[in-house]
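See structure below.
Laboratory data are not the source of any read-out in this text; all were calculated from the coordinates shown. From a predicted model like this one, the values you see are computed outputs, not experimental measurements. Methodologically, a virtual Cβ is constructed for each residue, glycine included, from the backbone with ideal geometry; neighbour enumeration extends over all protein chains shown.
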Amino acid sequence: MLEADAKVDSGTIYAQEWIEFDGTELVSELRQAQAEATIRLCQDFVANYPLSTTFGKQQTGEESFYRRRTPKDSELDIHKSLSEQINLLRVVDNKNYPAYFVFNKHVYYLQVSKRDE
């Protein structure tokens with residue numbers, strides 16, 4: 001939970017939560033965990049307001065940026081094994097940027113999902 005400021009990565013941090021993953025999560029599960037943590041942080045901040053504003057700390061260091069994901073980021077290399085590309089497969093979005101590969105000048109799409117247990 002941080003305060004928005006005009007300069008990126010400069011607002012006061014009021015609360016934070018670490019989320020641990022085991023390396024098997026798909027992008028939908030990563031997003032769900034992030035959403036749940038965000039909701040908890042917001043609820044705690046509001047429930048403890050105005051006391052929650054007294055625990056703020058200033059950010060330090062340089063601002064950071066991540067480039068926007070493009071469809072090219074979901075391209076599989078047909079010369080690599082699935083195990084070498086499992087992390088790419090875990091984070092593709094089947095609707096917005098699905099996994100794909102090119103073979104004999106044709107583009108093939110793969111849909112990635114987990115079986116419900």
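Some points to look at:
- Note on the chain: with a GNM built from Cα contacts shorter than 10 Å, the maximum mean-square fluctuation among 77, 22, 93 falls on 22.
- Relative contact order %, the chain, counting alpha carbon pairs below 8 Å whose residues are six or more apart: 25
- Cut-off 13 Å between beta-carbons: net charge of the residues surrounding residue 15, Lys and Arg +1, Asp and Glu -1: -1
- Highest-fluctuation residue, 64, 28, 83 considered, GNM on the chain with Cα pairs under 10 Å: 64
- Total lysine pairs whose alpha carbons fall under 29 Å of each other in the chain (8 or more apart, or interchain): 10
- Along the stretch 28-36 the Karplus relation, 6.51 cos²θ - 1.76 cosθ + 1.60 evaluated at θ = phi - 60°, assigns HN-Hα couplings of 5, 6, 4, 5, 4, 4, 5, 4, 5 Hz to successive residues, with x for each Gly and Pro.
- Residue with peak Gaussian network fluctuation, the chain [Cα springs, cutoff 10 Å], from 14, 49, 97: 49
- Sites excluded, trypsin sites (Lys or Arg not before Pro) in DSSP loops with at most 15 other C-beta within 10 Å, longest stretch of the chain: 8-66
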